[in-house]
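Undergrad: Okay, handing you the structure first.
The values are calculated or read from the model by the stated rules, or taken from the named source; none is laboratory data. If you're wondering where the values come from, they're calculated on a predicted model, not measured in any experiment. Here Cβ is always computed from backbone atoms with ideal geometry, including for glycine, and neighbour counts include all displayed protein chains. Accessible surface is based on the protein model in full, side chains and every heavy atom, while ligands, DNA and RNA are left aside. Shrake-Rupley method; radii C 1.70, N 1.55, O 1.52, S 1.80 Å.
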Amino acid sequence: MKIINARLRHRSELFTLSINQGVWSHIEQQSSYIHDASATVDAQGKLLSLPFVEPHIHLDAALTAGEPNWNMSGTLFEGIQRWSERKPMLSAEDIRQRALKTLDLLVENGIQFVRTHADVSDPSLVGLKTLCDIRDEVKGKITLQVVAFPQEGLLSFPNGVALMEEALEYGADVVGGIPHFEFTRELGEQSMKLVIELAQKYNRLVDVHCDETDDPNSRFLEVLAYEALNSGLGSRVTASHTTAMGSYDNAYCSRLFKLLKKSEINFISCPTESIHLQGRFDSYPKRRGLTRVKELNEAGMNVCFGQDSINDPWYSLGNGKLLRTLDFGLHICHMMGRNDFDTALDLITRNSAKTMNLRDDYAIEVGKPAHFILLDGEDDYTVLRNQSDVLMSVHQGNVLMKKKAVEITEKHFLV
Ligand code: FE2
């Protein structure tokens, strides 16, 4: 496959890029716009970017809003109630159909790397097993990581630890946790130590739903960061949500940030979900309910954005478009300075890839696997402002999706 007249991020020149057997084989700067009948794709000056990465979604719950009843108040607590009504209807086939449909939606919007949580507060582990099976089936098209997520607590749910170990033995990629949901602070702290021990025992990554509350006294993040530092797992550990940090006072945060930086852990914020679910106990002024994305970013820590939900009991909207999530995040977090726009796309690309520990699998460099998307805009700013369509998505040289606007020589689809 040969792509001509493409722009790369932060470069004004045009480029020709070639793919051979799924790998970038040639990348060359052009001196001017060219016509080349042998080219597979004429990018027409549009932006060729690394694919979007979805680091936090719940595929086992996706597309269940309104089944059997809608969340009328929109609160987290009614969401839990509605999910408990939907849970008895779960089956492998039900989860499979909805997860595949959601993955299609993600692919359609330029996402090729996905980290999904799977609820393991379930003696049958049906969600976890189904999503692990799908992960193996879609390999080569989408990279899927499955988090064993103890929705109702690791230590507060009957046999929670045994279920987690069973999930890891079945093949879950990531150990999850939910310390602020455990019955007591002590159990929450213990659960963080346990999560790290299990990650070491099974050689897995860690991604914890951590302090997803407005409660400024929910301080499990410091325990997770310390355990990550002490164990040496560091950047293999991720703290999702950490919305309580939006309510921490500055004096505590100034101490906390030193530990966070040293620990090298990653952060995932889900702006649409958090602005919707947090701040529900406030009248006015009403908190935004997001973690300190801007400050973490400015302090040189790795932060990224995820969607969390698509059309489920907690969040009825959502459409697979990460540019929408990014747009919300930039507004809510006051990241609207001109310089912020130069790095904004990193929040749904490079930073998320680092969180998922993708390493060499994610780079537009000769010799690396050829993954890219083509966006309907010539630079980062235009793409952000217009929330541009993804025109084409290619994973390891295979065309996953293309819009009609892209001229492409069909015979070159399979490289
Ligand atoms: Fe989540």
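Undergrad: Of the heavy-atom accessible surface of the chain (probe 1.4 angstrom), what whole percent is carbon and sulfur? The partial results should precede the final answer.
TA: Numbers: 8490 of 17130 Å².
Answer for the chain: carbon and sulfur cover 50 percent of the accessible area.
Undergrad: So which residue, out of Ser309, Ser263, Ser18, gets the largest mean-square fluctuation from a GNM of the chain using Cα contacts under 10 Å as springs?
TA: Ser18
Undergrad: Evaluate the charge dipole of the stretch 122-244 about its Cα centre and quote only its size in Debye, nearest 20, assuming +1 on the Cβ of each Lys and Arg and -1 on the Cβ of each Asp and Glu. Mind showing how you got there, number by number?
TA: Details: 10 positive and 20 negative charges, 88 e Å.
Using only the charged Cβ atoms, the result is roughly 420 debye.
Undergrad: Would you mind telling me which residue in Pro179, Pro88, Pro150 has the biggest mean-square fluctuation in a Gaussian network model of the chain, where springs connect alpha carbons within a distance under 10 angstrom?
TA: Of Pro179, Pro88, Pro150, the most mobile in the Gaussian network model is Pro88.
Undergrad: Can I ask one more? What's the extension gain from Arg11 to Ser283 if we count 0.36 nm per residue and subtract their Cα-Cα distance?
TA: On the way: separation 272, 0.36 × 272 = 97.92 nm, distance 4.69 nm.
Stretched out fully, the Arg11 to Ser283 stretch lengthens by 93.2 nm.
Undergrad: How large is the charge dipole for the chain, taken about the Cα centre, if only the Cβ atoms of Lys, Arg (+1) and Asp, Glu (-1) carry charge, to the nearest 20 debye? Intermediate values should be presented prior to the final figure.
TA: Details: 44 positive and 56 negative charges, 143 e Å.
Dipole size: approximately 680 debye.
Undergrad: Okay, moving on. For Gln29 and Arg185 in one chain, what is 0.36 nm times their gap in residues minus the Cα-Cα distance, to one decimal in nm?
TA: Numbers: separation 156, 0.36 × 156 = 56.16 nm, distance 5.68 nm.
Between Gln29 and Arg185, full extension yields 50.5 nm more.
Undergrad: Report the rotationally averaged projected area of the stretch 164-291 based on its alpha-carbon convex hull, in square nanometres. Intermediate values should be presented prior to the final figure.
TA: Details: hull surface 32.0 nm².
For the stretch 164-291, averaging the hull's shadow over all directions gives 8.0 nm².
Undergrad: Rounded to the nearest 5, what % of DSSP beta bridges with both residues in the chain are antiparallel? Write down the numbers at each step before the final one.
TA: Numbers: 23 of 57 bridges.
Antiparallel bridges make up about 40 percent of those DSSP assigns within the chain.
Undergrad: Okay, next question. Any chance you could give the angle, 0 to 90 degrees and rounded to 10, that helix 220-231 forms with the longest Cα principal axis of the chain?
TA: 70
Undergrad: How would Tyr315, Tyr381 line up by accessible area, probe 1.4 Å, largest first? Spell out each step's value before the answer.
TA: Details: Tyr315 15, Tyr381 90 Å².
Result of the area sort, largest leading: Tyr381, Tyr315.
Undergrad: Moving on to the next point. How much length, in nm to one decimal, is gained on full extension between Gln200 and Ala251, taken as 0.36 nm per residue of separation minus their Cα-Cα distance?
TA: Values: separation 51, 0.36 × 51 = 18.36 nm, distance 3.30 nm.
Extending this stretch completely gives an extra 15.1 nm.
Undergrad: Counting only residues 5 or more places away or on other chains, whose amide H sits under 5 Å from the amide H of His56 once H atoms are built in the peptide plane?
TA: When sequence neighbours closer than 5 places are left aside, the close amide H contacts are Arg115, Gln307, Asp308.
Undergrad: Got the relative contact order for the stretch 188-276 handy, in percent, Cα pairs under 8 Å and 6 or more residues apart? Intermediate values should be presented prior to the final figure.
TA: Working: 120 pairs, mean separation 28.0, N = 89.
Dividing the mean separation by the residue count of the stretch 188-276 yields 31 percent.
Undergrad: So how do 10-16, 57-63, 234-240 stack up, highest first, on mean other-Cβ count within 10 Å?
TA: Values: 10-16: 13.9, 57-63: 26.1, 234-240: 23.0.
Final packing ranking: 57-63, 234-240, 10-16.
Undergrad: Taking amide H positions as placed in the peptide plane 1.01 Å from N, state which residues far from Leu391 in sequence (5 or more) or on other chains have amide H under 5 Å from it.
TA: Sorted by chain and number, the residues that satisfy this are Leu374, Leu375, Asp376.
Undergrad: Residues of the stretch 325-352 with backbone nitrogen within less than 16 Å of a virtual label 7 Å along the Cα-to-Cβ line of Tyr381, please, listed as ranges.
TA: Flagged as within label range: 336-345.
Undergrad: Please arrange Trp70, Trp314, Trp24 by accessible surface area, largest first, computed with a 1.4 Å probe and ligands excluded. Can you show the working numbers first?
TA: On the way: Trp70 130, Trp314 30, Trp24 0 Å².
So, going from the largest accessible area down, we get Trp70, Trp314, Trp24.
Undergrad: Here's another thing I want to ask about it. With the other protein chains left in place, how much accessible area per residue, in square angstrom, belongs to the chain at a 1.4 angstrom probe?
TA: Working: 17130 Å² over 415 residues.
That works out to 41 Å² for each residue.
Undergrad: Let me ask something else. Let me check against my output: what whole-number percent is the relative contact order of the chain, with C-alpha pairs under 8 Å and at least 6 apart? Can you show the working numbers first?
TA: Working: 922 pairs, mean separation 87.7, N = 415.
Answer for the chain is 21 percent.
Undergrad: What's the FRET efficiency of Glu169 with Asn230 using the Cβ-Cβ distance as r and R₀ = 35 Å, to the nearest 0.05?
TA: 0.85
Undergrad: Just order 277-283, 47-53 by mean Cβ neighbour count inside 10 Å, highest at the front, would you? Spell out each step's value before the answer.
TA: Details: 277-283: 15.7, 47-53: 24.1.
Peptide ranking by packing, descending: 47-53, 277-283.
Undergrad: Still on this structure, please answer the following. If you keep only loop residues by DSSP, which GluC sites (Glu not before Pro) in the stretch 217-280 have at most 12 other Cβ atoms within 10 Å of their Cβ? Kindly include the intermediate steps, with their values, before the conclusion.
TA: Values: sites: Glu222, Glu227, Glu264, Glu273; in loops: Glu264.
When the GluC sites (Glu not before Pro) of the stretch 217-280 are filtered for loop state and at most 12 Cβ neighbours within 10 Å, nothing remains.
Undergrad: Which Cα, out of Tyr248, Val126, Pro51, lies furthest along the positive dipole direction of the chain (beta carbon charges, K/R +1, D/E -1)?
TA: So the residue furthest toward the plus end is Pro51.
Undergrad: Let me ask something else about it. Using only helices, what value at 222 nm comes out for the chain when you add -39,500 (n - 2.57) per DSSP H run of length 4 or more and divide by the total residues, to the nearest 500 deg cm²/dmol?
TA: Numbers: 13 runs with 139 residues, N = 415.
Here the helix-only value at 222 nm equals -10000 deg cm²/dmol.
Undergrad: Too long at a 24 Å Cα-Cα cut-off: which of Lys261/Lys354; Lys321/Lys403; Lys101/Lys201; Lys139/Lys402; Lys129/Lys368; Lys101/Lys294? Present the calculation step by step, with values, prior to reporting the outcome.
TA: Details: Lys261/Lys354 15 Å; Lys321/Lys403 15 Å; Lys101/Lys201 34 Å; Lys139/Lys402 20 Å; Lys129/Lys368 31 Å; Lys101/Lys294 33 Å.
In this structure, Lys101/Lys201; Lys129/Lys368; Lys101/Lys294 lie more than 24 Å apart at Cα.
Undergrad: Further, regarding this structure: Calculate one ³J(HN,Hα) per residue across the stretch 84-89 by plugging θ = phi - 60° into the Karplus curve 6.51 cos²θ - 1.76 cosθ + 1.60, and present them in order as whole Hz with x for glycine and proline.
TA: Karplus values, whole Hz, x for Gly and Pro: 5, 6, 7, 4, x, 8.
Undergrad: Also, I was wondering about something else. Given springs between every Cα pair under 10 Å in a Gaussian network model of the chain, which of Ser231, Ser73, Ser247 has the largest fluctuation?
TA: Of the options given, Ser73 has the highest mean-square fluctuation.
Undergrad: Put a dot 7 Å past each Cα toward the Cβ at Asn20 and Ser91; how far apart are the dots in nm?
TA: For the pair Ser91/Asn20, the computed spacing is 5.1 nm.
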